[in-house]
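*Asks:* Below is the structure I would like to discuss, written out as structure tokens.
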Amino acid sequence: MISLGYYSQHTLYFLLENDIFGYFEVYCGNLSRKCLNVSELHFLKWRFYQNLWAKKGMRLIMSKEIFDFYDKTNLKSYNLDERMRYQLNMLDSLDVFTRKHCENVANLTCRLCEYLHCTKGFTEYCTICAYLHDIGKMFIPPAILQKPSKLTEEEYEIMKTHTTIGYEMCMKDLKLRPYAAGALYHHEALNGSGYPNGLTKKDIPYEGQIIRVADEYDAIVSKRQYKTHIGISDTLQILIENTKPTGETNPSIALNEISENAKLGKDNPIIVKCLFKVVIDDIGYEITCTQSYLEDLKDNIKRLEQAKKYKEKMDKASKEKDKNYYLEGIKIFLKQDETVENFEAVYEEYQEAYKKRKTIIDNLYDEIKKIKHLKL
Ligand SMILES: [Fe+2]
């Protein structure tokens, strides 16, 4: 697959009452696009249902969103790069949630590296570190890992050990050893308030700083369960706060460092700024997908407007012959499953769906504006 220029393959299964009734296979030729994001998933699903429904002669009921099976969609991705296959197989030992998180963080890390103008070699290295950053979580008890409420102090201390456990796991394995930095440094904060070692900016490798930003962003996004980028600027606002000095310092730091660190926040602002660019790209992609859907709706609305014109003429006609003529005219504009009796209701549904998507697009453009006004 690599010889054909593909870095990864995704299989997207569509489930209906636990039966797989179809799947998509997506091949990615770009190293930075390892995972599908939410808008890409939506786009693929829309395309899929459009084809499926059309084949079955069924009508899409847009306004009722009956085809939004987001929660029942199962995404499995395989990395086909030989050099990474071993490292990524390690992810199979993680729970589904952590695995997906690692994939998302790797995706973001890779794209951040591109905006940070890192070399191809460093970008690849950093991406693998990101895939492995939470590998130590396989030894954290599920009761703590999956606890929905806030962790107690004691539980938090156990949770924190995933950094050192991950590091040790990597160091014991020759193939993982080069990528141990992701696990060890991704919770270190520039001002020394992070863990496990409370290091400060000069001692935290760049890969650790990048993965930290990607990690925080994905953690908030998955917690809030965003299905669209509307409102995403609030999440970025949280990250901005994390670039500001907090007054927290590590007491073990030498005095001359304290004044220097007092100016620092937890996150590196240059990396957070690049994250804005990545998010704007994603919003742009969501707009393109929604726009393409909107065009399709517009075509259907125009088609049914023609049918409506014939319907008006038919209602006004007094002669039976004319009525039949206009009736045939209506039928020309109807698709399978649409009838003379129901097409006006279908028209309303298309209109409703169009309005809804139009508002989404407007809101997404607003979101880009908001992000561009955010100050770091
Ligand atoms: Fe972590």
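The values are calculated or read from the model by the stated rules, or taken from the named source; none is laboratory data. The structure presented is a predicted model; accordingly, all values stated were derived computationally and were not measured. As a convention, Cβ positions derive from the backbone with ideal geometry for all residues, glycine included, and neighbour counts pool all protein chains shown.
*Asks:* Which residues, taken from region 176-222, are buried (at least 23 other Cβ atoms within 10 Å of the Cβ), at pLDDT below 95 and in contact with a Cys (Cβ under 9 Å, 6 or more places away or on another chain)?
*Replies:* Tyr179
*Asks:* Check off (1) within 16 Å of Arg212 (Cα to Cα); (2) surrounded by fewer than 20 Cβ atoms within 10 Å (Cβ to Cβ); (3) not acidic (Asp, Glu) for Ile144 and give me the number that stays unchecked.
*Replies:* Among (1) within 16 Å of Arg212 (Cα to Cα); (2) surrounded by fewer than 20 Cβ atoms within 10 Å (Cβ to Cβ); (3) not acidic (Asp, Glu), the lone unmet condition for Ile144 is (1).
*Asks:* Looking only at region 170-198, which residues are within 19 Å of Thr243 (Cβ to Cβ), in contact with a Leu (Cβ under 6 Å, 6 or more places away or on another chain) and within 14 Å of the ligand (Cβ to nearest atom)?
*Replies:* Glu188
*Asks:* Do we have Thr290 as hydroxyl-bearing (Ser, Thr, Tyr) and outside any helix (DSSP H, G or I) here?
*Replies:* No, not satisfied.
*Asks:* Residues of region 329-350 being part of a helix (DSSP H, G or I) and either surrounded by 15 or more Cβ atoms within 10 Å (Cβ to Cβ) or modelled with pLDDT of 95 or more (or both), which ones?
*Replies:* Across region 329-350, the qualifying residues are Gly329, Ile330, Phe343, Val346, Tyr347, Glu349, Tyr350.
*Asks:* Name the residues in region 90-117 that are among the acidic types (Asp, Glu) and part of a loop (DSSP other than H, G, I, E, B), would you?
*Replies:* Correct list: Asp95 only.
*Asks:* Can I ask one more? Determine which single condition Val279 fails, assuming it passes every other condition in (1) modelled with pLDDT under 90; (2) closer than 19 Å to Leu376 by Cα; (3) not assigned by TED's automatic domain parsing to the domain that holds Leu112; (4) not acidic (Asp, Glu).
*Replies:* Status for Val279: all satisfied but (1).
*Asks:* Of the residues in region 199-220, how many are out of contact with any Ser or Thr (no Cβ under 6 Å at 6 or more places or on another chain) and within 16 Å of the ligand (Cβ to nearest atom)?
*Replies:* So the count comes out to 13.
*Asks:* Give all pairs with beta carbons closer than 7 Å in which a residue from region 335-360 that is more than 14 Å from Glu305 (Cα to Cα) meets a residue that is modelled with pLDDT under 85 and among the β-branched types (Val, Ile, Thr); count only pairs at least 6 apart in sequence or on separate chains.
*Replies:* Between residues of region 335-360 that are more than 14 Å from Glu305 (Cα to Cα) and residues that are modelled with pLDDT under 85 and among the β-branched types (Val, Ile, Thr), the close pairs are Arg357/Thr290; Ile360/Thr228; Ile360/Thr290.
*Asks:* Out of all the residues in region 117-130, is one or more surrounded by 18 or more Cβ atoms within 10 Å (Cβ to Cβ), within 11 Å of the ligand (Cβ to nearest atom) and in contact (Cβ under 8 Å) with a residue 24 or more places away in the chain?
*Replies:* Checking region 117-130: at least one residue is surrounded by 18 or more Cβ atoms within 10 Å (Cβ to Cβ), within 11 Å of the ligand (Cβ to nearest atom) and in contact (Cβ under 8 Å) with a residue 24 or more places away in the chain.
*Asks:* Something else about it: Within the bounds of region 302-320, is there any residue that is surrounded by fewer than 18 Cβ atoms within 10 Å (Cβ to Cβ), part of a helix (DSSP H, G or I) and hydrophobic (A, V, I, L, M, F, W, C)?
*Replies:* No, every residue in region 302-320 fails to be surrounded by fewer than 18 Cβ atoms within 10 Å (Cβ to Cβ), part of a helix (DSSP H, G or I) and hydrophobic (A, V, I, L, M, F, W, C).
*Asks:* I would also like to ask the following. Quick one: which residue in Ile230, Ile238 is away from the ligand (no atom under 16 Å from the Cβ), surrounded by fewer than 18 Cβ atoms within 10 Å (Cβ to Cβ) and at pLDDT below 90?
*Replies:* After ruling out the rest, the residue left standing is Ile230.
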